[in-house]
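The values are calculated or read from the model by the stated rules, or taken from the named source; none is laboratory data. Here the structure is a predicted model, which is why all the values come from computation and not from measurement. Quick reminder, even Gly has a Cβ in these numbers, built from the backbone with ideal geometry, and neighbours come from all protein chains shown.
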């Protein structure tokens, strides 16, 4: 092992060999491919970002001045010198942003400015001081884990967080506030510490790599690879951008003289054999001025449960990968092994860099069965909050599913599909809530006239709460569900949870229509009450949905699958959220077979899985031994059965 006069990271480098001409040429080819892949934005777009940040700095200064005038109106010096400072973090700060990237932004202010002041003044100041029409989709989430204001400024998505610097009453001149100074952490609460952490971590990463330009190009390649392979999303249970950055930075430390193409190749070679749970660390643990918890599996038992720990370099050090589950870890390791094989062939000249960035096959080939987690709201504002909460909990459902013996892997897709629907009745609203795309509104604002009962997310037999779960009941040999025969095709039982905590049952047909939509109590089913029936929206009302898909890999030899307990537990957890509003929010989970996936999850040129053609005997009848099946999708439901082989969700438990 080679050594150098300077050790980057916690161990000496593996090699300090300078790039060969072949490695330099490979890096040039990599750069050209990344440009072809549109990972770099144009100079005018970058200038636009700089103007946006300059505007935010101007607004931050005025914000601090206004608070100073209100709190100390007689202190002219304080008011005169009052100013805030805007920092960035994430991809923009790292220098690896591209077209459409958001800007993660932090507003800091002196100690007399509070978080309450921030949420009271800053949203209105944005609209007041920005050019007319520049601010859109403004949403303030004050009680988030990291309180945040989200908006778009000239079409650029901005995530704006806040922290005061409790040790300063006046800021130094612009550009002289160094947030990596641990003394600035004194006097802050947990939310303020988390807000500062993003910028502090990003700055530390850049300070801990030997050559920033090499690091940036390699990171662009790894980010694009992770996005294309659908393993990029911290909230879902995969590494996020900062985690991939720290992993690439560690490889840069081990090969401080290497070219970017070499770093990419070594990244896969090293990470595929990393001895987890040995952590990825860029520096030794720091001692700091605070009595706060830092990551330490010897002291904190919960830290020892982290599967792939990647530790942030800024004090207080934390594990940035606590969200990773056994399933997502298995998928990451598969992709690292695939990447290692591909980069070996690229190095040998057998493949080109473009082959590394081939898109995933999550919907086209990887799974036969999926769960669709559908969050629905009746207003756009309510949906931003509700869908965000559900998204943050999908990894909890995945963790529960992967503990089922029949499930080998429960793989969540790394993004949700947002859809808008136009409905004219309560019946249509319920169809949308249960997965129908019959009333989809396209981006051009036109209603969908051709999708009706054709996109494969149709509602099937299930039991559900007001924040429901449902299951496709198309016959399938691998997974099993017992459902009672109903008078209508694919009739379903629901359990509705009212705001007072009562739970009521209601019968729903395949299109989601309630058996008691005539607004009368059902004499044959007294549990169905008038007050259970949601009021019909006005004609042409919009309904908003976000759907997250979880691909299921069954364990070898699995013949049946009962997920009713896990699904009901997830529904209950979401329904107990203090911001859940039964009037506006709804959650359903249903089983979808690959042949019934909606068309909009496939990109042009991708082939949607099709049902295998039925084998026909010479006499024209189905081949011997082949069971006759009823097509339960494409708008033609089968008649009710005594028992169907399907994914068992609460229908069996509630029936």
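The table below gives the values:
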{"item": "Residue satisfying all of: in the stretch 400-430; in a helix (DSSP H, G or I) and modelled with pLDDT under 95; surrounded by the most Cβ atoms within 10 Å (Cβ to Cβ) among these", "result": "430"}
{"item": "Test: residue in the stretch 159-172 that is touching a strand residue (DSSP E or B) at 6+ places or on another chain (Cβ under 8 Å) and within 17 Å of residue 47 (Cα to Cα)", "result": "no"}
{"item": "Filter result for residue 355 (surrounded by fewer than 17 Cβ atoms within 10 Å (Cβ to Cβ) and either modelled with pLDDT of 95 or more or within 25 Å of residue 227 (Cα to Cα) (or both))", "result": "yes"}
{"item": "Matching residues, the stretch 261-294, being modelled with pLDDT of 95 or more, touching a helix residue (DSSP H, G or I) at 6+ places or on another chain (Cβ under 7 Å) and assigned to a loop (DSSP other than H, G, I, E, B)", "result": "272, 282"}
{"item": "Verdict on residue 373 being part of a helix (DSSP H, G or I), within 30 Å of residue 582 (Cα to Cα) and at pLDDT 95 or above", "result": "no"}
{"item": "Residue list for the stretch 125-147, filter: touching a helix residue (DSSP H, G or I) at 6+ places or on another chain (Cβ under 9 Å) and outside any loop (DSSP other than H, G, I, E, B)", "result": "125, 126, 128, 129, 135, 137, 138, 139, 140, 141"}
{"item": "Residue in the stretch 304-312 that is more than 21 Å from residue 95 (Cβ to Cβ) and either over 24 Å from the mean Cα position of the chain (by Cα) or free of Cβ contacts under 8 Å to residues at least 12 places away in the same chain (or both) present", "result": "yes"}
{"item": "Filter result (surrounded by fewer than 20 Cβ atoms within 10 Å (Cβ to Cβ) and within 22 Å of the chain's Cα centre (by Cα)) within the stretch 562-579", "result": "569, 572, 573, 575, 576, 577, 578, 579"}
{"item": "Failed criterion for residue 584 (all others in (1) out of contact with any strand residue (DSSP E or B) (no Cβ under 8 Å at 6 or more places or on another chain); (2) within 16 Å of residue 374 (Cα to Cα) hold)", "result": "(1)"}
{"item": "Output for the stretch 181-225, where each listed residue is free of Cβ contacts under 8 Å to residues at least 60 places away in the same chain and assigned to a helix (DSSP H, G or I)", "result": "184, 190, 194, 207, 213, 214, 215, 218, 222"}
{"item": "Identity of the residue in the stretch 277-292, exposed (fewer than 14 other Cβ atoms within 10 Å of the Cβ) and in contact (Cβ under 8 Å) with a residue 40 or more places away in the chain, that ends up farthest from residue 204 (Cα to Cα)", "result": "292"}
{"item": "Among the residues listed as 244, 295, 274, the single one being without any contact (Cβ under 8 Å) to a residue 40 or more places away in the chain and closer than 27 Å to residue 549 by Cα", "result": "244"}
